Each structure stands twice: as structure tokens, then as C-alpha cells.
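Below: one structure, written as C-alpha cells.
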Amino acid sequence: MANNTANGTQQNGRGSGAPRCAALVGPYLSGKTALLESLLYVTGAIPRKGSAKEGNTVSDSSAEARARKMSVEVTAATTEYLGDKWCFLDCPGSVELSQETRNALMVADVAIVVAEPLVDKALMLAPIFKFLDDHQIPHILFINKMDVATHRVREMLDALQAVSGRPLVLRQVPIRDEKKQNDEVTGYIDLVSERAYKYHPGQESDLVKMPEELLPREQEARNKLLEVLADFDDHIMEEILSDAIPPKDEVYTQLAKDLAADLIVPVLLGEAEKDGGVRRLLKALRHEVPGPEALAARRGISSYDASTLVFKTYHQPHAGKLSLARVFGGRVAEGAVLNGVRVAGVLKPKGNGFEKVPHAETGEVVALARMEEIKTGDLLTASGKGGADFTWPAPLEPLFALAIDAENRADEVKLTAALAKLTEEDPSLSFRHDPDTHELLLSGQGEIHLAIAFDRLKNRFGLPLKHRRPQIAYKESIRHGVKEHARFKRQSGGHGQFADIHIEIWPLARGAGFEFHDRVVGGSVPRQFIGSVEEGARESLQRGPMGFPLVDVAVALFDGQFHSVDSSDMAFKTVARQAMQEALPKCGPVLLEPIFAVEISAPSEFTARVHNLVTGRRGQILNFQAKEDWVGWEVVEALVPQSELHDMIIELRSLTLGIGHFACRFDHLQELSGRLADKVVEHRQASMPQRGAA
């Protein structure tokens, strides 16, 4: 077997035996952090395992993670197993933190998808499987918590296969003890070696005699495994058709080859809390996972002069900026210049922190110190030229926003700088000043995401914030037109102020904006003052009779008077504002609310719930259709008022096992009337000073 394994190693791209990288991904509470602790413990990297409840795991070192008893960012941990070097990336399970997971997967040789043994939670893996397939990332499915499984493996596989774009290949059959509660799983049969093992908590599983009553089930499952492999290998197909049994070494080799090509998804069983099945997982990783050379080729990274890909950015209070990266070619050392920027130091993940090392070799995951111009997703090389075909996925679009202010006004100056660092660490966060409401908005993937951001701003940057629901950028317009005459005259010694105008105001089509027309004949208003009238009219649009900016209005100046001494630009600007203020309340003011075009994506079985969600938020459903390249998903297209979008992602996720999502964009302004409009206007007028107030 050793020789064939070596041959398989060459075929699956391991080549040089460089350190490999595995990302642990899966839904919240699936047990990823427990699996990392077990992997590190059984390989001797840590003397004892921590627990998420106690907040002492390798992945939960930050204050934000300990406060929530959950992983909130990618954690890198290194270890060795049977002479092979590994870096494990533990990724957050919360869907709101999935940007971290996506970034980590881009540098991983393999993903270990951790799932609970629950049929009704299988759908939660659909977005993960889709991302893995889209980016051709080899992945292994590890069904965790088998000690508390209530569903049979066949039922779980059927549910999981429905959301996987690749065939699932069961590698083990569980051994159950019928004398224990719920037929507790106590071991497994390996379908390739055809050996039976009994779990031994804290130690390697014991090799035991194959239970005779499981032989039919073992043969059935093994035949299915071989049939899947035969779909990708003609020789195995010929052996099956001739009733020959493929040699075990050939099966191992084909498994490795198909995994490296992302053709199949091997399925392993285990109990991470008790270390059950973890050593078997490590052996599968050791023999079957390709190395960084294969990943570099897949990513289009063709330059090997210290090629390094940055997948996470930190801003540490004392260490400064750290760029977590994986080396794909050559050696990276302190003082090296990559993309024109000097590497101030090389640090290797160790425990809950980093230790300084002189250099990093191909395959290693390290932090590069104080590369200020470098950002997440950058491909670094000594020449400054990366692979021509290399692309980094666009960050997730924001779905939830809050208006923020510094608790201490003196901190407002440094708030923008701190937000820039925070959004550099997490590209799925963004901030902007809203030009309509004049609020500073922080946007992200949900309530938890922004709460973590607020904690980081306070803990790392000493910036406690106040936050609130953002205002809606309501506008107003008019229903009909009027003509208005206004005169401004003031005498206070010396030159006075005089201006007299006749204007006409009328509504424009929605979205037309503002128009000004000069219809003066005979010089009743001199040319040099007409621009001042337009300027005064424009300024009046900033606040209409209801208190909101005015849109879709036309103004025409058609007559007036002037004084050769007392008339001025200021006088005509003032009289224009006066005329507009007197005319607009007579024009039938109407409130306009922003309407957004929304595309909601969710599994088809939740479409009815999505329809109810939209109509319950005053939305109008336009269409629904199958989601392109997503099996069993639909897209609902709708128009929804912006005021109803604020927390819609929260309700949508609660209706769709956390995996529904949407994209939106401004579409148009629409008239709002009745009690809803009255409440908006009342609130606006109560919160704003009256005209002329100090």
C-alpha cells in the first residue's frame, strides 16, 4: 500500500510534501471548534482540549469570541501528523460571518465540511457546497456528533446529497450498540480496508472483529462507493463489470485522485468531543489531500518568485498591521520586498497568537508584518506580477445597516480612521456618509456582525459608539402647479435691497429632477440677476413644506422688476426663496418614499414564506423563477419600500434556516399617503427646528 499511496500522492498534486492547509467550515453549532481542538490534541500540538463554553479554545482567544462563546473570525493553528505539516483554519459558523470563511477557503488545499447528524439541517450546507463547487475546492464531509445521532446514515446522506453538487461517497459504516440509548454509535467499519474499529475516548480506536450482522450493510455501502469511483475510472468500471474486486491500493489511489479533482466528496463519521474518528480523518487528509502546487495551478498563480496570497488582515494595538497569507512558491523572509512593499517581519501561528520566525517556505501560513499598502486578496510576488488568471471573489454585499456616532464627541475625528481599519479587516463591512440624511452608516451582514464590529471598535480602538436605526431618505414633490408673485424690499440707510419676481411652478415626471426656465422678455429682470433667482429656487428645494427635500419640480421666471441702485444678487436670491416658500404649500405637496428592487434567494420549499414576508412588508411581487446554477432554489423579484428593508434579512433568515439572502438596489420614488405618511411627516416636523428658528 505504501508504494501505491506514494503514486497517488504524485497524482493528486502533493509533489514536494510541502505543508498543507485545511479549512474547517460548517454551520453554527456543528462542532468545528471542537474538531480543531481534537485535531490539535491528538497530534500533540496542545496538552489538553479547551471548550467553547469555558472560552479557552484556540479559536476563541478574542474578547468578542469569549463573550459570545462562538468563533467570530478565522483562526490559524499549525501541527504535525506522522511527519506531515498542517495548518488548520477554523472558520466561523455564523452565516453573518461567512466572509471570513470565503477568504480562508481561497487558500485551503481542502475543506472539511462539518455537519450535524440531523436531516432537517442539511439545507444549511447548501451555500457552503455551492461556494466550494464554484471555486473547485476539494472537500471532505465530516458528520460530527454521531454519538447523539437519531437519524440513520442513509437518511442523512440522502438529505445531504440533495444539496451537494458532487456525489457523496460514504467511507464508513457506523457500528451501533443496540443496548445503549438510541442505538448509540460506538465505532465504524472502514469501507476500503474493510476493518472494524471501536471508539476509545482520548485514544486511538481499537481494531475489533467485523460484526457479522453488519456484513450485508458493509457490502452494500462498499459497492456503492466502488460504483461512484467507476464513474470516473474506466479500469475500475471494467473490474466491476467482470465481477472482479478492485485492489484496496487502487481504491485508495482513485479516491485521492478524484478528491483532488473535486469530483467526489468523501464522507467520514466521528465524535469530535470524544476524539472519535478524528485520527481516521487525519489519515484521509494525509494520504488523499493535494498540496499547494495543485492549489496554485487551480488559482491561476503561475509566478513562483515568493508567491504569497493574503487572505486576512489584522490591525493589532501593539503589533500594528498583520497580513495573514499563504506562501505558494519560494521563500518569504523578513526584509523581502513583495509588490514593492518591504516585509517588516514573518510570524507563524502558535496557540492563541504568533511567534516570529526568520522565513516561511512554500505551503506555510504566516503573518507578514506592517505591509501597510497590502490588502486582503492581494497576490504578492517579488517581481510584483501575479498570475494573469488569478481572481479574488468580490466581497459580500451589505444587508443590514445602523447609523452610528461616537459616544464622546472628541472621538469623532479618529472614528473614520478606525472604521477604515475595521473594514480592511472585514471586507463585508462598509461605512459611508449618507448625503440625504447626513448620518454615518455602518453596514454588514446582520445584527451579530455589527455587534461584533462595535465591540472591536471599543476593545481595540477605545471607541465606544452609539447606534440607531437609520433614517429613510424620504422626498416630497407637488401634484399641481401655481403662479406666484413675490417682492423683497428693505431700506436701512444707504443702498437698500429690492427685487420683484413672477414665477410659475409645476410638477415634473417622477425622476426628472429640477428644471429652471428663463421666460423673461423685455429685460424686466436683468440677465445678471436671473442666475440668482435660479440659485434661490434651488436652495428652497432642500426643505419642502413637509420638511423633506423637494424633487421633480420645474420653475419658470417670466416677469419681474428691479431697481438700478438697490437691486442685487442677494436680493433676487432672497425673493426667489420667498416666492417658493409661499407657493409650494399651494401646489398639493406629496410625500415620496424610496422603493427598492429586491431579489430574494431561498430554497424552493420556502418560497411561500418568502411571498408572505414580502407582502407583509408592503412589497409587490413581480416574478419568481428558478435560481440559475442553484439546484432547488428560487429567486423572488419584488419591489419593497426602503423603510421595510431594515431588518428584513433577520426575518428572512429565521424563515429559511439562516440561508436565505437578498440583493437590493434603489428603483424609484413612490407616493406615500394616509396614516403612514402622516406619521412620517409628524415625526419629521417634530425633530426639526422651525423655519427662522435660531
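Bear in mind that the values in this text are calculations on the coordinates, not laboratory data. Note that the coordinates shown come from a computational prediction; the quantities given were computed from them, not determined experimentally. Positions of Cβ are backbone-derived with ideal geometry, glycine not excepted, and every protein chain shown enters the neighbour counts.
Between GLU397 and SER654, the modelled label-to-label distance comes to 2.4 nm, taking each label 7 Å out from Cα in the direction of the beta carbon. The amide H of LEU672, built 1.01 Å from its N in the peptide plane, has LEU591, LEU592, GLU593 as neighbours under 5 Å, considering only residues 5 or more places off or on other chains. Here region 59-197 has an Rg and Dmax of 16.7, 46 Å, counting Cα atoms alone. Rg/Rh for region 229-380: what does it come to with C-alpha atoms and Rh from Kirkwood? Over the Cα atoms of region 229-380, Rg/Rh equals 1.12. Potential lengthening of the chain between ASP518 and GLN620 amounts to 32.6 nm, from the contour at 0.36 nm per residue minus the alpha-carbon distance.
Which of the peptides 115-125, 508-518 is most tightly packed, and how do the rest follow, going by the mean number of other Cβ atoms within 10 Å of each residue? Write out the running numbers ahead of the final one.
Values: 115-125: 20.1, 508-518: 12.7.
Taking the mean over residues of other Cβ atoms within 10 Å, the ranking is 115-125, 508-518.
Restricting region 524-607 to chymotrypsin sites (Phe, Trp or Tyr not before Pro) that sit in a DSSP loop and have at most 11 other Cβ atoms within 10 Å of their own Cβ leaves nothing. Charged side chains reduced to their Cβ positions (Lys and Arg at +1, Asp and Glu at -1) give region 117-156 a dipole of some 120 debye around its Cα centre.
Using only DSSP helix segments of four residues or longer, with each worth -39500 (n - 2.57), what per-residue ellipticity at 222 nm results for the chain after dividing by its residue count and rounding to 500? Walk me through the intermediate numbers first.
Numbers: 18 runs with 198 residues, N = 694.
It lands at -8500 deg cm²/dmol.
Under 5 Å between amide hydrogens, built in the peptide plane, is the criterion, and for LYS85 it picks out ARG20 among residues at least 5 positions away or on other chains.
Which shape class, rounded, prolate or oblate, goes with region 565-682 when its Cα gyration tensor gives a ≥ b ≥ c as root eigenvalues, a/c under 1.5 marks rounded, and past that a/b bigger than b/c marks prolate? Judged from the Cα gyration tensor, region 565-682 comes out prolate (a/c at least 1.5, a/b above b/c). Our coupling estimate for region 323-330, obtained by passing each phi through the Karplus curve with A = 6.51, B = -1.76, C = 1.60 and θ = phi - 60°, is 10, 6, 8, 10, 8, 10, x, x Hz, Gly and Pro reported as x.
Of LYS179/LYS224; LYS321/LYS414; LYS348/LYS458; LYS69/LYS421, which sit over 19 Å apart, Cα to Cα? All intermediate terms of the calculation are to be shown ahead of the outcome.
On the way: LYS179/LYS224 29 Å; LYS321/LYS414 17 Å; LYS348/LYS458 27 Å; LYS69/LYS421 25 Å.
Table pairs above 19 Å Cα-Cα are LYS179/LYS224; LYS348/LYS458; LYS69/LYS421.
From the convex hull of the Cα coordinates of region 399-475, what is the mean projected area in square nanometres? Write down the numbers at each step before the final one.
On the way: hull surface 19.8 nm².
Projected area, direction-averaged: 4.9 nm².
Could you state, as a whole-number percent, how many of the C-alpha pairs of region 139-235 are farther apart than 18 Å? That fraction is 51 percent. Summing Cβ point charges (Lys, Arg +1; Asp, Glu -1) relative to the Cα centre of the chain gives a dipole of roughly 2080 debye.
Given a Förster radius of 56 Å and the C-beta distance between LYS348 and ASP569 as r, what FRET efficiency does 1/(1 + (r/R0)^6) yield to the nearest 0.05?
Numbers: r = 69 Å, r/R0 = 1.22.
FRET efficiency, LYS348 to ASP569: 0.25.
Shown here for region 611-694: trypsin sites (Lys or Arg not before Pro) in loop regions (DSSP other than H, G, I, E, B) with at most 10 other Cβ atoms within 10 Å, namely ARG691.
Between rounded, prolate and oblate, where does region 211-304 land on the alpha carbon gyration tensor, with a ≥ b ≥ c its root eigenvalues, rounded for a/c under 1.5, else prolate if a/b exceeds b/c?
Values: a/c = 2.95, a/b = 1.27, b/c = 2.31.
Taking the square roots of the gyration eigenvalues as a ≥ b ≥ c, region 211-304 is oblate.
For the chain, what does the relative contact order come out to in percent, with C-alpha contacts under 8 Å and a separation of six or more? Working shown, then result.
On the way: 1473 pairs, mean separation 70.9, N = 694.
Dividing the mean separation by the residue count of the chain yields 10 percent.
Shape of region 508-575 from its Cα gyration tensor (a ≥ b ≥ c, root eigenvalues): rounded if a/c is under 1.5, otherwise prolate when a/b > b/c, or oblate? Oblate shape, in that a/c is at least 1.5 and b/c is the bigger or equal ratio. Contact order for region 377-454, expressed relative to its length and based on alpha carbon pairs under 8 Å spaced 6+ residues apart, stands at 33 percent.
What is the log10 of I(q)/I(0) for the chain, computed with the Debye formula using one identical point scatterer on each Cα and no solvent, at q = 0.07, 0.11 Å⁻¹? Here log10 of I(q) over I(0) equals -0.61, -1.14.
Report, in listed order, any pair from LYS130/LYS385; LYS49/LYS130; LYS198/LYS248 with a Cα-Cα distance greater than 27 Å.
Working: LYS130/LYS385 30 Å; LYS49/LYS130 32 Å; LYS198/LYS248 21 Å.
Table pairs above 27 Å Cα-Cα are LYS130/LYS385; LYS49/LYS130.
Are there chymotrypsin sites (Phe, Trp or Tyr not before Pro) in region 409-481 that DSSP marks as loop and that have at most 16 other Cβ atoms within 10 Å, and which are they?
Working: sites: PHE431, PHE454, PHE461, TYR474; in loops: TYR474.
When the chymotrypsin sites (Phe, Trp or Tyr not before Pro) of region 409-481 are filtered for loop state and at most 16 Cβ neighbours within 10 Å, nothing remains.
Database remark: amide H of ILE175 closer than 5 angstrom to the amide H of THR186, GLY187, TYR188, ILE189 (H placed geometrically; neighbours at sequence offset of 5 or more, or on other chains; Pro and chain starts carry no H). Could you tell me the center-to-center distance, by alpha carbons, between region 74-101 and region 198-219 in angstrom? Cα centroid to Cα centroid, the span is 30 Å.
3J(HN,Hα) couplings calculated from phi for region 202-211 with the Karplus curve 6.51 cos²θ - 1.76 cosθ + 1.60 (θ = phi - 60°) are, in sequence order, x, 9, 5, 5, 7, 6, 10, 5, 4, x Hz; Gly and Pro show x.
Given R₀ = 60 Å, what would the calculated FRET efficiency be for LYS679 paired with HIS235, taking r from the Cβ atoms and rounding to 0.05?
Numbers: r = 74 Å, r/R0 = 1.23.
That gives a FRET efficiency of 0.25.
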